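Everything below concerns the one structure shown next.
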Amino acid sequence: MGKRNVLKVEDIHVSYGPIRALRGVNIEVNEGEIVVLIGANGAGKTTLVETILGITHVASGRISFMGEDITHKKTEHIVASGICLVPEGRGILPLMTVMENLLLGAYHVKGDISENLKLIYSLFPVLKERSAQMAGTLSGGEQQMLSVARGLMSAPKLMMLDEPSLGLAPSIVKELFRRIIDLNRAGYTILLSEQNARQALQCAHRGYVFGTGEIVLSGNAQELVSSSKIQQAYLGGVRES
């Protein structure tokens, strides 16, 4: 028996005025997977994750989450149903403490959040050490860890990460991807939009490659790493976002 389908995007079209940002995009994410979106800057990766979360309006097509049609649902409903987005640029609140940022991530969670916090501290022990520290005084890598951890506080059924490695030092990027693999092993389903194609494909199960506003290639992550098209466009020293 196959894994349960968590997210299904069917023939999605999105426009910004006369600009067709997404054209006939289809993706699926199954329970327990890390699925990666790769492609050049402006190809549509961020537009897609924002469309899934209801931030961007769908012109046509259908988005299903855990079997429910969420195509035209409000963002608050989508978040409450179990999707979280860790946005590009982190989006932490710098004048609040680490703990206050984490508690904000659990604002709509009913009941005890101590188990969520315990998991987060096991994955990111530095956040426990710095729980009373102002978030803005953390290093760039620590702020990204906090951004991911804040998303985890909602115990999401699907976690979407948009360009998490952007602006981080190579050593921190490696650590970040190790943590993403740890999250997946802990049971989290992840949709990852990422400019570091090699690292992303190495940690993912499957991937989708964006051209301008459309999927031009998809498949098993290892197959994509081996693809001559992917190697030439994304793995030959070309840094894309």
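Numbers below:
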| item | result |
| --- | --- |
| Flag if residue 47 is in contact (Cβ under 8 Å) with a residue 12 or more places away in the chain, farther than 25 Å from residue 104 by Cβ and assigned to a helix (DSSP H, G or I) | yes |
| Selection within the range 25-49 - surrounded by fewer than 17 Cβ atoms within 10 Å (Cβ to Cβ) and either of a type in the set (Val, Ile, Thr) or modelled with pLDDT of 95 or more (or both) | 26, 28, 30, 31, 32 |
| The listed residue being in contact with a helix residue (DSSP H, G or I) (Cβ under 8 Å, 6 or more places away or on another chain) and either of a type in the set (Ser, Thr, Tyr) or surrounded by fewer than 16 Cβ atoms within 10 Å (Cβ to Cβ) (or both), out of 171, 193 | 193 |
| Of all residues in the range 50-65 being assigned to a loop (DSSP other than H, G, I, E, B) and under 17 Å from the mean Cα position of the chain (by Cα), the one that is surrounded by the fewest Cβ atoms within 10 Å (Cβ to Cβ) | 55 |
| Among the candidates 169, 186, 197, 221, residue that is among the small types (Gly, Ala, Ser) and under 24 Å from residue 11 (Cα atoms) | 221 |
| Complete set of residues in the range 79-100 that are buried (at least 17 other Cβ atoms within 10 Å of the Cβ), modelled with pLDDT under 95 and in a helix (DSSP H, G or I) | 79 |
| Qualifying residue in the range 200-217 (condition: in a helix (DSSP H, G or I), in contact (Cβ under 8 Å) with a residue 24 or more places away in the chain and surrounded by fewer than 16 Cβ atoms within 10 Å (Cβ to Cβ)) | yes |
| Which listed residue is at pLDDT 90 or above and in contact with a helix residue (DSSP H, G or I) (Cβ under 9 Å, 6 or more places away or on another chain), from 165, 154, 147 | 147 |
| Test for residue 22: is it under 14 Å from the mean Cα position of the chain (by Cα), at negative phi and modelled with pLDDT of 95 or more | no |
| Subset tally (residues that are closer than 22 Å to residue 60 by Cβ and of a type in the set (Val, Ile, Thr)) for the range 70-97 | 5 |
| Cβ pairs under 9 Å, 6+ apart, first in the range 112-128 and farther than 15 Å from residue 154 by Cα, second of a type in the set (Phe, Trp, Tyr) and modelled with pLDDT of 90 or more | 127/121; 128/121 |
| The range 170-194: number of residues that are on the phi < 0 side of the Ramachandran plot, in a loop (DSSP other than H, G, I, E, B) and over 12 Å from the mean Cα position of the chain (by Cα) | 1 |
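The values are calculated or read from the model by the stated rules, or taken from the named source; none is laboratory data. Computed from a predicted structure; not experimentally measured. Every residue, glycine as well, gets a Cβ built from its backbone with ideal geometry; the counts of neighbours run over all protein chains shown.
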